[in-house]
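Report on one structure; see the data block that follows.
The values are calculated or read from the model by the stated rules, or taken from the named source; none is laboratory data. Computed from a predicted structure; not experimentally measured. Heads up, the Cβs are rebuilt from the backbone with ideal geometry, glycines too, and the neighbour counts pull from every protein chain shown. Just the protein is used for accessible areas: all its heavy atoms, side chains included, with ligands, DNA and RNA removed. Shrake-Rupley method; radii C 1.70, N 1.55, O 1.52, S 1.80 Å.
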Amino acid sequence: DSEANSAGVIEFNGSSTLVVPNVMLARAEAGHPLANFQLAHELAHLVLEHHQDSATIKNFRLTQRSGKNVVSPPNSEELEANFGAVCFQCGVLLLAPNADAKQIARRSFCDEYQVSQALRYTRLDVFQQELARQSSDIERIIL
């Protein structure tokens with residue numbers, strides 16, 4: 001069953017391909033949160049161009065927390081892809097002032113643990129407050 005849960009990005013001769021087993025696609029189409037998260041995770045690798053930096057196989061560690069299976073990333077590149085996946089799947093739902101991980105995960109077919117991690121790590125309310133404090137009186141030039 002591990003092959004049915006394995007997806008990845010392959011780069012060869014300047015072309016990148018996302019390889020996904022049919023079983024995972026079927027699960028994703030049925031709304032399975034972990035399968036959808038895995039696909040979004042691999043898409044994040046493509047968007048973040050991680051395939052250009054390394055050509056290694058990374059194995060995730062499966063642990064149990066609060067009675068649920070949780071996949072732990074082995075390095076920061078995988079953690080970045082996890083956050084990218086949550087952003088792809090949840091979008092503006094993450095900006096809700098009283099964001100509830102369980103509700104957001106259910107609405108976006110995302111993994112609840114990953115949503116709760118993103119909400120905890122990013123503290124979007126703090127980020128929004130900081131953006132609101134910025135003065136628009138000063139002209140900014142972005143190079």
message: For a quick check of understanding: with a 1.4 angstrom probe and all protein chains in place, what accessible area in square angstrom does L95 have, to the nearest ten?
response: 80
query: What nm distance separates the two modelled labels at V19 and E77, each placed 7 Å from Cα along Cα→Cβ?
result: 1.6
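Between beta-carbons, use under 12 Å as the cut-off and find the net charge around S16, counting Lys and Arg +1, Asp and Glu -1. If you can, show how the numbers build up before the last one.
Working: positive: none; negative: E11, E42, E49.
Value of the local net charge: -3.
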